[in-house]
1. Might you tell me the accessible area per residue for the chain, computed with a 1.4 Å probe and given in Å²?
2. Can you tell me how the range 3-94 classifies by the Cα gyration tensor, rounded, prolate or oblate, using a/c under 1.5 as the rounded cut?
3. Given a 1.4 angstrom probe, I'd like the percentage of the accessible area of the chain that is carbon and sulfur, rounded to a whole number.
4. State, as an integer percentage, the relative contact order of the chain based on alpha-carbon contacts under 8 Å between residues 6 or more apart.
5. Take each of the peptides 75-87, 48-60, 16-28, average the number of other beta-carbon atoms within 10 Å over its residues, and list them starting from the highest.
6. When the chain is fully extended, how far beyond the present Cα-Cα distance does A30 get from S83, taking 0.36 nm per residue of separation?
Amino acid sequence: MSTFPVLVQPAGLRFDAPTDTSVLLAAQAAGIKLPSSCRNGTCRACMCLLLEGEISYRIEWPGLSRDEKEEGWILPCVARAESALEIQAPLAAPIEAAAAPPRPLTGARR
């Protein structure tokens, strides 16, 4: 299984995308949040612009028009990296770790 580097602009975030994993899931595994909702290529919430590189889709025709595909728009939820990628996703951000819940006090203090 090959992996390819992905650069997310304008934030400058980087992660590696295995060829057998969607770009969206690879980003999440690396701690990067990309907008998403349906995760099957129909809602278009994750739509972003492919600036450099090649992708393939795990479904025959994702929820993009022919014109959008020609302009470079992709759906990371169903796209797989076929080369190093540079994408433009203005809402991308690091996933923040959830704060640990406060521990209840037990026992008596001396």
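1. Working: 7110 Å² over 110 residues.
Each residue of the chain exposes 65 Å² on average to a 1.4 Å probe.
2. Rounded shape, in that the Cα axes give a/c under 1.5.
3. Working: 3610 of 7110 Å².
Looking at the chain in its full context, I get 51 percent from C and S.
4. On the way: 211 pairs, mean separation 38.4, N = 110.
This gives 35 percent for the chain.
5. Working: 75-87: 21.5, 48-60: 14.5, 16-28: 19.8.
Output ranking for 75-87, 48-60, 16-28: 75-87, 16-28, 48-60.
6. Values: separation 53, 0.36 × 53 = 19.08 nm, distance 1.78 nm.
Additional length available on full extension: 17.3 nm.
The values are calculated or read from the model by the stated rules, or taken from the named source; none is laboratory data. All figures in this text were calculated on a predicted structure; none of them were measured in a lab. Positions of Cβ are generated from backbone atoms using ideal geometry, with glycine treated the same way; all protein chains shown enter the neighbour counts. Calculation scope for accessible area: heavy atoms of the full protein, side chains included, ligands and nucleic acids excluded. Shrake-Rupley method; radii C 1.70, N 1.55, O 1.52, S 1.80 Å.
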